[in-house]
Ligand code: KIV
């Protein structure tokens, strides 16, 4: 009884989430901000996860370069390559019907010169069939952003804690607590809006600053560790379903404890195989 009520409730939530927009575009996101509808964004790197997220009614899937950590086990996001990002992105695109897919330009694919940035963005769009790209940084990458936008490719900005610069920061702690950095962040956000970026991710910055940025720009600001005054939220899916369990920042809300649930399932399977209990008569031909 409780379970069936839960299923019905979930179905209602899913259909409400999907009702208003048949297909999410960059314009839908700007409209959502104008209508004060919060934007939901989560990461995916593969077909199966993308299918579940799209079916649940997520607005945006980010094929984040966090794949470098989550999928490949690297310590930072720096090692992932453009080819690897395209592989993940094309798997995700095959899994979705409705949501917007944003793909991170990986470290080294856009910082050296704007022409290379455009070539990388074109490869992502052509080879993965995703709908837009994201890149990290403000005025340092202005020319690259302009060139990508000129080619008709939608760009999402990313300010605050930008993990591709981790060796410059030296730590993953909250950014822009000091006035000078907060001022630069605000200037960068205004510049991204002026250039024509369709949205901005703000990672790990004080909630007051994030709210001010969201109030100052007309494009959606999507936060991760940036408080509730922004226009939407993003989390790494593997963290929010508890598949990863060593990573416990304050901003992370875990909706499941899959690390333990999966461990229990695997140990049960191992013991069923060892004992000869699996497969039983109904599980064979
Ligand atoms: O790569 C990623 O998952 C991201 C989010 C944390 C915003 O950039």
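None of the figures in this text is laboratory data; all of them are computed from the coordinates on show. Everything quoted here is computed from the prediction, not taken from an experiment. Glycine gets a Cβ as well: all are built from the backbone with ideal geometry, and neighbour counts include every protein chain shown.
So what are the three principal axis dimensions of segment 48-135 from its Cα atoms, in whole Å, longest to shortest?
Computed over the Cα atoms, the extents are 38, 27, 17 Å.
What does the extension gain come out to for residue 179 and residue 52, with contour length at 0.36 nm per residue minus their alpha carbon separation?
Length gained between residue 179 and residue 52: 41.6 nm.
Pop a pseudo-label 7 angstrom from the Cα along the beta-carbon direction at both residue 208 and residue 78 and give the gap in nm to one decimal.
About 3.4 nm separates the two model spin labels.
Give me the number: length gained by fully extending residue 228 to residue 35, i.e. 0.36 nm times residue separation minus the C-alpha to C-alpha distance, one decimal in nm.
Gain on stretching residue 228 to residue 35: 67.8 nm.
In the Gaussian network model of the chain, springs joining C-alpha atoms below 10 Å, which of 159, 256, 195 carries the largest mean-square fluctuation?
256
Taking 2.2 N^0.38 Å as the expected size of a compact globular protein, what ratio does the Cα radius of gyration of the chain give against it, to two decimals?
1.07
Listing 62, 209 from the residue with the fewest other Cβ atoms within 10 Å to the one with the most, what is the order?
Listed from fewest to most nearby Cβ atoms, that is 209, 62.
Given the rule -39500 (n - 2.57) for each run of at least 4 DSSP H residues, summed and divided by the residues of the chain, what is its mean residue ellipticity at 222 nm, to the nearest 500 deg cm²/dmol?
Result for the chain: -14000 deg cm²/dmol, rounded to the nearest 500.
Tell me, in nm to one decimal, what length is gained between residue 25 and residue 216 on full extension, where the rule is 0.36 nm per residue of separation less the Cα-Cα distance?
Going from the current span to full extension adds 66.5 nm.
Which of the peptides 126-137, 160-171 is most tightly packed, and how do the rest follow, judged by the mean count of other Cβ atoms within 10 Å per residue?
Averaged packing, sorted descending, gives the order 126-137, 160-171.
Expressed as a whole number of Å, what is the distance separating the alpha-carbon centroids of segment 222-285 and segment 49-65?
If we compute the Cα centre of each part, the gap is 16 Å.
Once you keep just the Cα pairs under 8 angstrom separated by 6 or more residues, what percentage relative contact order results for segment 23-240?
Relative contact order comes out at 20 percent.
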